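What follows is a set of notes on a single structure, which appears directly below.
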Amino acid sequence: MLKSAVFFDRDDTIIRDVPYLNDPRAIQLLPGAADAIRSLNEARIPAIMVTNQSGIARGLLTEEILGSIHDRLLRLLGDQGALIDAVYYCPHHPEGSVDAYRMKCACRKPAPGMLLKAALDFGLDLRHSYLVGDKAIDIQTIAAVGGAGILVAPQGSTISGAAYIAADLPDAVQWILKDLRDEAGRQ
């Protein structure tokens, strides 16, 4: 049986955005992020991070540095009892300066390639999954596969197609858990 999952953008969703982050020591978890992810872990809902990392294509960091950044992020979450089940990233950009990564690809959000790969890896039903992010491309990415997009944005923000506008990640996860309970009650 296919299962639901919650996908997360990284920057300004789980951690404070640092443009082209290239130093693991600069990671700052956003307030409540670990608690929110732990709530999904306790509900046995896969928590999966999907992130565009064009800094690689632009020559501002390497995949090895990105690996160190994500290792530290996972350790910081783990120290608070939260687990990200998988991390998917897109290193490409059509205007990149590093030839190996300069391309239009199927994995760069808003294309759904990272979600499709995760669906195969985890046996997911993307139509009953969610993506939490801070940009329109996050909403467009999950909409491309029929799932629900949750926008983390300041009060009064709107993005066409968002199923919910959340104040922060904990608010988004609370809404998702309620939506899943409501859906289970309707079946």
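Of the candidates Ala82, Ala57, the single residue that is over 25 Å from Ile137 (Cα atoms) and buried (at least 18 other Cβ atoms within 10 Å of the Cβ) is Ala82. Residues in the range 25-43 that are within 17 Å of the chain's Cα centre (by Cα) and free of Cβ contacts under 8 Å to residues at least 60 places away in the same chain: Ile27, Gln28, Leu29, Ala34, Arg38, Asn41. Just one of the listed residues (Leu151, Leu131, Leu77) is within 26 Å of Ala34 (Cα to Cα), without any contact (Cβ under 8 Å) to a residue 40 or more places away in the chain and in contact with a helix residue (DSSP H, G or I) (Cβ under 7 Å, 6 or more places away or on another chain), and it is Leu151. Specify the residue that is farthest from the chain's Cα centre (by Cα); the eligible residues are those in the range 141-172 that are in a strand (DSSP E or B) and not aliphatic (A, V, I, L, M). Among those that are in a strand (DSSP E or B) and not aliphatic (A, V, I, L, M), it is Tyr164. Checked against (1) part of a helix (DSSP H, G or I); (2) of a type outside the set (Asp, Glu); (3) within 22 Å of Leu177 (Cα to Cα), Ile65 passes all but condition (3). For the range 154-171, a residue qualifies if it is of a type in the set (D, E, K, R) and free of Cβ contacts under 8 Å to residues at least 24 places away in the same chain, and exactly one does: Asp171.
Would you confirm, using the coordinates I've provided, whether Leu21 is modelled with pLDDT of 95 or more, in a loop (DSSP other than H, G, I, E, B) and farther than 24 Å from Val152 by Cα? So Leu21 fails the test. Taking the criterion of being within 20 Å of Thr51 (Cβ to Cβ) and in contact with a Phe, Trp or Tyr (Cβ under 6 Å, 6 or more places away or on another chain), the residues of the range 148-165 that qualify are Ala148, Ile150. Does the range 101-110 include one or more residues that are under 23 Å from Ile37 (Cα atoms), of a type in the set (D, E, K, R), in contact with an Asp or Glu (Cβ under 6 Å, 6 or more places away or on another chain) and surrounded by 17 or more Cβ atoms within 10 Å (Cβ to Cβ)? No - not one qualifying residue is present in the range 101-110. In the range 123-140, what residues are assigned to a loop (DSSP other than H, G, I, E, B) and closer than 17 Å to Ser4 by Cβ? Within the range 123-140, Gly123, Asp125, Ser129 meet the criteria.
The values are calculated or read from the model by the stated rules, or taken from the named source; none is laboratory data. Keep in mind that this is a model prediction, so the values were computed, not measured. For neighbour counting, all protein chains shown are included, and Cβ atoms are generated from backbone atoms with ideal geometry for every residue, glycine included.
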